[in-house]
Amino acid sequence: MNHRVKGRKLGRTASHRAALMSALATSLLKHKRIKTTVAKAKEARGYVEDLITKARKGGLHHQRLVMLKIHDKEVVKELFSEIVPKVGERPGGFTRVVKLGNRKGDAAAMAILELVDYNDIANQRAEEKKEARESKRDAKREADAKSEVQDANVLQETKL
């Protein structure tokens, strides 16, 4: 039975797992997206979201709590000065896990873990698709309007 057992062990000791989560969180906050296995991404997601929530509260105490987990001063500064203001109004869900498929060497399930508000490339593509759909829809409406006018003209000619 697995009752009340939270989190994944990932085949590591507790200290190794803590170091892994710290390293994944540091890399994610530094680069805004990382490529890792699905299990690690899902486990790191909660870890990072907890850090961002603490950083949102602000203050020296919360900064020191975050620094216990992340040992890179530059990343902590970036978290408090850039990332928190950008995600400030979001009620949660600061990260996204996108599954990629299996790795070639060992067939491990791979995923991208990314900060949601920093995904400019995907946001641009979504906007371009939306604009393309709207222009296609407008073109179709114009063509339908033209065909209705032509049909009306044909009906008038046949009546004469």
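The values are calculated or read from the model by the stated rules, or taken from the named source; none is laboratory data. The structure presented is a predicted model; accordingly, all values stated were derived computationally and were not measured. Every residue, glycine among them, receives a Cβ derived from its backbone with ideal geometry; neighbour counts consider all protein chains shown.
For the condition without any contact (Cβ under 8 Å) to a residue 12 or more places away in the chain, surrounded by fewer than 18 Cβ atoms within 10 Å (Cβ to Cβ) and assigned by TED's automatic domain parsing to the domain that holds Lys99, Lys9 qualifies. Filtered by the rule that a residue be within 21 Å of His71 (Cβ to Cβ) and not hydroxyl-bearing (Ser, Thr, Tyr), segment 8-22 gives Leu10, Arg12, Ala14, His16, Arg17, Ala18, Ala19, Leu20, Met21.
Conditions tested, residue by residue: (1) acidic (Asp, Glu); (2) touching a residue at least 40 places away in the same chain (Cβ under 8 Å); (3) farther than 13 Å from Thr37 by Cα; (4) surrounded by 17 or more Cβ atoms within 10 Å (Cβ to Cβ).
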position	(1), (2), (3), (4)
Glu78	yes, yes, yes, no
Glu82	yes, no, yes, no
Gly88	no, no, yes, no
Pro91	no, no, yes, no
Asp106	yes, no, no, no
Val116	no, no, yes, no
Asn119	no, yes, yes, yes
Ala126	no, no, yes, no
Lys130	no, no, yes, no
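One residue stands out among those in segment 88-123 that are in contact with a helix residue (DSSP H, G or I) (Cβ under 9 Å, 6 or more places away or on another chain) and in a loop (DSSP other than H, G, I, E, B): the one that is modelled with the highest pLDDT, which is Ala108. Candidates are the residues of segment 50-81 that are part of a helix (DSSP H, G or I) and touching a Ser or Thr at 6+ places or on another chain (Cβ under 6 Å); the one that is farthest from Ser22 (Cα to Cα) is Val75. Screening Ser22 with (1) buried (at least 18 other Cβ atoms within 10 Å of the Cβ); (2) among the hydroxyl-bearing types (Ser, Thr, Tyr); (3) out of contact with any Lys or Arg (no Cβ under 8 Å at 6 or more places or on another chain); (4) free of Cβ contacts under 8 Å to residues at least 60 places away in the same chain gives one miss only, at (3).
Residue selection: Gly101 fails the criterion of being small (Gly, Ala, Ser) and within 16 Å of the chain's Cα centre (by Cα).
Within segment 27-39, the set of residues being assigned to a helix (DSSP H, G or I) and either closer than 23 Å to Arg103 by Cα or among the charged types (D, E, K, R) (or both) comprises Ser27, Leu28, Lys30, His31, Val38, Ala39.
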